[in-house]
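The values are calculated or read from the model by the stated rules, or taken from the named source; none is laboratory data. Note that the coordinates shown come from a computational prediction; the quantities given were computed from them, not determined experimentally. Here the Cβ positions follow ideal geometry from the backbone for every residue, glycine too, while neighbour counts run over all protein chains shown. All accessible areas refer to the heavy atoms of the entire protein, side chains included, with ligands and DNA or RNA removed. Shrake-Rupley method; radii C 1.70, N 1.55, O 1.52, S 1.80 Å.
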Amino acid sequence: MSEKMRAAVLYAPGDLRTVKVPIPEIGDDDVLVKVLACGICGSDIPRVLTKGTYHFPTIPGHEFGGTVVVTGHNVASNLLGRTVGVIPLIPCRKCKMCEVGEFALCEHYNFLGSRSDGGFAEYVKVPASNILPVSEDVDKDSIAMLEPISVALHVVQNCSVHYGDNVAVYGLGAIGMFIAQWAIIYGADHVFAIDIDPQKVEIAKKIGLKDAMIAESETEKTIKEKTQGYGCDIAFEASGAASALLQAVQVLRASGTLGLVGRPTKEISIPPATYEKILRAQLAIRGSWSFQFRRFPHNAWKESIKALQTGKIVTAPLITQRVPLEKTLDAIQRMASKKEFVHKILVEPQLS
């Protein structure tokens, strides 16, 4: 192995350069992962272009998986050569939230791709406790999407989707698509997958979301008709758009739940009529953040891997492009400009 590797390094907001940097030195409890693919998350757009990371230089990228090529002294050697998914959140395991297994709410967490170097690189240093072996029958593209799949699973569990529920998902980015798929797995009756982009709606239909539809003035009427006038038990806002939030409230039944997961970039105001609906219908509002990965009673990441292996979660139609490391900034800029349709772009370091 050479002493240098290629990586897309962020030196300042908007200044992402693919350069050669030293391969990370691992500690006794770490592994070195050779990256197979790293997804570009919607959060990477402001992180790279405007807001920056927590320090510079930093290698962004948190949706990735790969192959273990070096293990630390305290790590089982049988992990060498294994394909693994990578959990990017590194909890302190000492604060009150960590004590009860709520690692996503850790007070002093580290995070690969924003606080520490991440997956837009040939190699990444990862704590051994943050990897999960994946069988060879799961392709590398799906492994790179384990993080948003696990986020979506947490959203569905956090908002308690039950068998027979009617569910609406507003916003069909990767997480919205996976929320809809998990809702079906959990036994929801109707899962209305809604977006303003007809191309995203077509992708939703390709992955089996038969109640996918374009957001329009008749959407609420259609949902009410298909639920015999009842409305939805749970509506997820997964876009961060004010209009989607307001529409989600309107399709909810009395005592329904509004699940918030989209991250707004602008201020959102709530009209009096919408506020009145929340009050009179006694709606519950539930926010969800990140993912779960405590071991008991179920490890959510292992459940995500199992869903990929069994074909219950489908990823391939979401991937619109694969790019080499050298094209990472270009891909992020194209996603930000919205001049062309892109859904999920994967950075694959082995591409030339």
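Return yes when Pro297 is closer than 18 Å to Gly66 by Cβ and part of a loop (DSSP other than H, G, I, E, B) and no when it is not. Taking the combined requirement at face value, the residue does not satisfy it.
For Gly229, are the conditions met, namely being in a loop (DSSP other than H, G, I, E, B) and at positive phi? Spelling it out, Gly229 is indeed in a loop (DSSP other than H, G, I, E, B) and at positive phi. Name every residue in region 36-54 that is open to solvent by 10 Å² or more (accessible area, probe 1.4 Å) and touching a residue at least 60 places away in the same chain (Cβ under 8 Å), in order of residue number. Leu36, Cys41, Gly42, Ser43, Ile45, Pro46, Arg47, Leu49, Thr53, Tyr54 - these are the residues of region 36-54 that are open to solvent by 10 Å² or more (accessible area, probe 1.4 Å) and touching a residue at least 60 places away in the same chain (Cβ under 8 Å). Cβ-Cβ contacts under 9 Å between residues 6 or more apart (or on different chains), taken from a first residue in region 137-158 that is in contact (Cβ under 8 Å) with a residue 12 or more places away in the chain and on the phi > 0 side of the Ramachandran plot to a second residue that is assigned to a helix (DSSP H, G or I) and open to solvent by 10 Å² or more (accessible area, probe 1.4 Å), are absent.
With respect to the stated conditions, Thr257 is touching an Asp or Glu at 6+ places or on another chain (Cβ under 9 Å) and surrounded by 11 or more Cβ atoms within 10 Å (Cβ to Cβ).
Residues in region 336-352 that are within 21 Å of Ile175 (Cβ to Cβ) and surrounded by 20 or more Cβ atoms within 10 Å (Cβ to Cβ): Lys344, Ile345, Leu346, Val347. Only residues that are surrounded by 22 or more Cβ atoms within 10 Å (Cβ to Cβ), more than 19 Å from His154 (Cβ to Cβ) and of a type outside the set (A, V, I, L, M, F, W, C): list them for region 89-121, please. Result: Asp117, Gly118, Gly119. Please indicate, with yes or no, whether at least one residue in region 267-288 is within 26 Å of Leu146 (Cβ to Cβ), among the hydrophobic types (A, V, I, L, M, F, W, C) and assigned to a loop (DSSP other than H, G, I, E, B). Checked against the condition, which is being within 26 Å of Leu146 (Cβ to Cβ), among the hydrophobic types (A, V, I, L, M, F, W, C) and assigned to a loop (DSSP other than H, G, I, E, B), region 267-288 yields no hits at all. Every condition in (1) under 30 Å from Val201 (Cβ atoms); (2) open to solvent by less than 10 Å² (accessible area, probe 1.4 Å) is met by Asn130 except one, and the failing one is (1).
So which residues in region 143-161 are assigned to a loop (DSSP other than H, G, I, E, B) and under 8 Å from the mean Cα position of the chain (by Cα)? Scanning region 143-161 gives a single hit, Met145.
What's the total number of residues in region 161-178 that are farther than 22 Å from Ala254 by Cα and open to solvent by less than 20 Å² (accessible area, probe 1.4 Å)? Outline the logic, then answer.
Our first condition is that a residue be farther than 22 Å from Ala254 by Cα; within region 161-178, this holds for 171-178.
Okay, now just the ones that are also open to solvent by less than 20 Å² (accessible area, probe 1.4 Å), so 171-172, 174, 176-178.
Qualifying residue count for the region: 6.
Table: residues versus (1) in contact with an Asp or Glu (Cβ under 8 Å, 6 or more places away or on another chain); (2) assigned to a helix (DSSP H, G or I); (3) on the phi > 0 side of the Ramachandran plot.
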site	(1), (2), (3)
Ala244	yes, yes, no
Ala248	yes, yes, no
Pro264	no, no, no
Phe293	no, no, no
Ile313	no, no, no
Pro349	yes, no, no
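Within region 262-278, residues that are touching a residue at least 40 places away in the same chain (Cβ under 8 Å) sit with their Cβ atoms under 6 Å from residues that are not β-branched (Val, Ile, Thr), at 6+ positions apart or across chains, in these pairs: Gly262/Gly171; Gly262/Glu237; Gly262/Ala238; Gly262/Ser239; Gly262/Gly240; Arg263/Gly240.
Just to verify a result, which residue in region 133-142, among those that are in a loop (DSSP other than H, G, I, E, B) and out of contact with any strand residue (DSSP E or B) (no Cβ under 6 Å at 6 or more places or on another chain), is least open to solvent (accessible area, probe 1.4 Å)?
My answer is Val138.
In region 98-110, the residues that are more than 17 Å from Pro127 (Cα to Cα) reach residues that are surrounded by 15 or more Cβ atoms within 10 Å (Cβ to Cβ) and of a type in the set (Lys, Arg) with C-beta atoms within less than 6 angstrom, at least six apart or across chains, in these pairs: Gly101/Arg294.
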